[in-house]
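To start, the structure under review is shown below, and the notes come after it.
The values are calculated or read from the model by the stated rules, or taken from the named source; none is laboratory data. Remember, predicted model here, so these are calculated numbers, not experimental data. Neighbour counts run over all protein chains shown; Cβ positions are idealised from the backbone, glycine included. All accessible areas refer to the heavy atoms of the entire protein, side chains included, with ligands and DNA or RNA removed. Shrake-Rupley method; radii C 1.70, N 1.55, O 1.52, S 1.80 Å.
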Amino acid sequence: MKCHHDQHDPERDTSPRPGAMNLRLRLLSVLVTPCLLASCGPSAAPVDEAPRPLLAPGAEGIDLSHHNGAVDWPRLSTTGLSFVYLKATEGESHVDTRFQANWQSALRHHWQTGAYHFYLLCQDGRRQAANFIRQVEVRSDALPPAVDLEHAHNCAPRAGRAETLADLKLFLAELEAEYRAVPVIYTTPAFHAEWLAGEGFDRHPLWVRSLEGPPGLPHAIWQYSMKGRVPGVTGNVDLNRAAD
């Protein structure tokens, strides 16, 4: 905001005597100068705040894709579960056929809802980000986007380690810029040890699959089962718990 001052009107000269005017100007200067400095000077540096927890401690949730089939959302919403991550995309072009229906239904039934992308090591990171961004709307009330990084059902890297990691970081940066949130990384202990540990991904909340017990990694979400059963979903479903 630019500072401005009223200009003097020569046709309405009601100026007091010179001595009184000088005193008034000195007093006015004392009062106005701090205000001008506050309004026209550089903005104060933002205060760093501790990041809020991703989810309420111990919150229970699930993740779904087209593999789970049609979901009875009214019935599912009676279970006491509170959050859901939905598969949106995979690689550069694949779109989960049930994503949009699940997304709209989850939001309509007041779930904490997030979307995830299955990242393929053999495809371009920027194009994978574009695929996800085309499908997932920006919502301030949504959970941060997540990326699924694991060995199962993946493909061999299309380049060397350094280039593959740079491509992944580009993907994550594109999502963060679009959704104004640090993306969550879903992974396994084995994939984390091979690709992520010590490579500059520590700022990303971890969602760790550990079916034998609590993860040995600092984590925001723990996937503790792939064979859960919940009303409203046919067959097995992944069960997840927020860190305490």
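Were the residues from S82 through N236 laid out at 0.36 nm apart, the gain over their Cα-Cα distance would be 53.6 nm. Here the spin labels are modelled as points 7 Å beyond Cα on the Cα-Cβ line, and at S140 and A56 they lie 2.2 nm apart.
Placing a label point 7 Å from the Cα of H94 along the Cα-to-Cβ direction, the residues of the stretch 180-214 whose backbone N falls under 17 Å from that point are 186-187. Answer rounded, prolate or oblate for the stretch 97-244, using the Cα gyration tensor with square roots of eigenvalues a ≥ b ≥ c: rounded when a/c is under 1.5, else prolate when a/b is larger than b/c, else oblate. Judged from the Cα gyration tensor, the stretch 97-244 comes out oblate (a/c at least 1.5, b/c at or above a/b). Scanning residues 5 or more positions from S225 or on other chains, those with amide H under 5 Å from its amide H are L239, with H placed 1.01 Å from N in the peptide plane.
Couplings 3J(HN,Hα) of the stretch 59-64, computed from phi: 4, 9, x, 9, 10, 9 Hz, in residue order, whole Hz [Karplus 6.51 cos²θ - 1.76 cosθ + 1.60, θ = phi - 60°; x for Gly and Pro]. In this structure I185 has an accessible area near 0 Å², from a 1.4 Å probe over the protein heavy atoms.
Using the Cβ-Cβ distance between S225 and R126 with R0 set to 35 Å, the FRET efficiency from 1/(1 + (r/R0)^6) comes to roughly 0.50. The string of couplings for the stretch 101-112 from the Karplus curve (6.51, -1.76, 1.60, θ = phi - 60°) is 5, 5, 4, 5, 5, 4, 5, 5, 9, 6, 7, 6 Hz, one whole number per residue in order, with x for Gly and Pro.
Ranked by the mean number of other Cβ atoms within 10 Å of their residues, highest first, the peptides 136-142, 96-102 fall in the order 96-102, 136-142. With θ taken as phi - 60° and the Karplus curve 6.51 cos²θ - 1.76 cosθ + 1.60 applied, the whole-hertz 3J(HN,Hα) list for the stretch 113-119 is 10, x, 10, 10, 10, 8, 8 Hz, x standing for glycine and proline. Report the paramagnetic label zone for A173: residues of the stretch 109-132 whose backbone N is under 12 Å from a point 7 Å from Cα along the Cα-to-Cβ axis. Inside the label zone: 126. With a ≥ b ≥ c the root eigenvalues of the C-alpha gyration tensor of the stretch 188-241, is it rounded (a/c under 1.5), prolate (a/b larger than b/c) or oblate? Taking the square roots of the gyration eigenvalues as a ≥ b ≥ c, the stretch 188-241 is prolate. FRET efficiency for the pair V182 and Q104, taken as 1/(1 + (r/R0)^6) with r the Cβ-Cβ distance and R0 = 35 Å, rounds to 0.90. Answer rounded, prolate or oblate for the stretch 53-146, using the Cα gyration tensor with square roots of eigenvalues a ≥ b ≥ c: rounded when a/c is under 1.5, else prolate when a/b is larger than b/c, else oblate. In terms of gyration-tensor shape, prolate.
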